1. Report, in degrees rounded to the nearest 10, the 0 to 90 angle that the Cα long axis of helix 116-131 makes with the longest principal axis of the chain.
2. Placing unit charges on C-beta atoms (Lys and Arg positive, Asp and Glu negative, everything else neutral), compute the dipole magnitude of the chain about its Cα centre in debye, rounded to 20.
3. Arrange 129, 135, 209 by Cβ neighbour counts within 10 Å, fewest through most, would you?
4. Counting only DSSP beta bridges with both residues in the chain, what percent are antiparallel, rounded to the nearest 5?
5. Along the charge dipole of region 11-239, pointing to its positive end and built from +1/-1 on Cβ of Lys, Arg, Asp and Glu, which listed residue (220, 33, 236) has its Cα farthest out?
6. Using the Karplus curve 6.51 cos²θ - 1.76 cosθ + 1.60 with θ = phi - 60°, what ³J(HN,Hα) values do you get for each residue of region 39-47, in whole Hz, with x for Gly and Pro?
7. Can you tell me, using C-alpha contacts under 8 Å and at least 6 residues apart, the relative contact order of region 80-160 as a whole percent?
8. Angle between the Cα long axis of helix 152-172 and the longest principal axis of the chain, 0 to 90 degrees, nearest 10?
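Laboratory data are not the source of any read-out in this text; all were calculated from the coordinates shown. The structure presented is a predicted model; accordingly, all values stated were derived computationally and were not measured. Cβ placement follows ideal geometry from the backbone for every residue including glycine, while neighbour counts extend to all protein chains displayed.
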Amino acid sequence: MPITFDFAGRTVLVTGAAQGIGEGIARLFLASGAKVAVLDRDADRLAATWPGHESVHAFAVDVSDSAAVAHAVDDVVAWAGSLDVVVNNAGITRDTVVWKMTDEQWREVLDVHLGGTFAMTRAAIPHMRSAGWGRIINVTSYTGMHGNIGQANYAAAKGGLIAFTKTVAKETAGFGITVNAISPNAATAMVTAVGPELLAAMTATVPMRRFAEPAEMAAAVAFLASEEAGYITGVVLPVDGGISM
Ligand SMILES: NC(=O)c1ccc[n+]([C@@H]2O[C@H](COP(=O)([O-])OP(=O)(O)OC[C@H]3O[C@@H](n4cnc5c(N)ncnc54)[C@H](O)[C@@H]3O)[C@@H](O)[C@H]2O)c1
């Protein structure tokens, strides 16, 4: 894909960047000239995916640890001098029907998606406010809008993220900061974990009859982070081959 975005001079932080959608997002920003901070709790995979580049700084961080998130944001600003774009992408699933769901399965999913996005957003906004410019892009899901059997925890977290996105968008609209979300559909480890039979059935429900590549999610995120998207805030952009139509 030819690169048409220009993020030279910008610092971008992407959570869950060791693989999948987060990796794809970080690679597009890097190719578009940004300094990129890549965060993931899987330190080994993070080091393998990002073995060393002068414009990339890798941080092994669990986003559900709010103190570690605040510390990482300070480290990113110390490294790059600013923090302009945050992509809250890190995510997990712990699927089971609600009557079998443990407290741990419930809490873990809410702590990563909602807690992590809250902690990161809280830590990033003061830097964006003082710069008078910022972009926050959260990663929600079709499930957060429509529900899905076996995913009460994930649906609650992703639905909560939409309400969080709109609220923070309202709170920061006067400071040159936009806050938006994408709702993806991409062939990653999280999706292929369901196995080939269920994957084929899921693919059949996509109007475009395919799952996307992470790079296609990255293009939507880059648009929302661009100068040109400066009048767009509080939206959820489905990048899903039409499943949400
Ligand atoms: N793939 C899809 O079609 C799809 C659909 C809807 C939503 N999403 C969302 O997109 C995001 C990325 O998913 P993916 O498909 O790339 O999944 P993935 O499992 O391939 O990647 C997720 C990454 O997040 C990291 N991570 C998990 N918990 C973390 C934590 N507490 N702290 C830091 N890093 C953590 C993992 O180590 C992993 O590298 C997730 O928020 C997911 O819910 C994906």
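1. Tilt relative to the chain: about 20 degrees.
2. Taking the Cα centre of the chain as origin, the dipole is about 500 debye.
3. 209, 129, 135
4. Here the antiparallel bridges make up roughly 5 percent for the chain.
5. 236
6. Values, residue by residue: 10, 7, 7, 8, 4, 5, 5, 4, 5 Hz.
7. 44 percent
8. Result, in degrees: 30.
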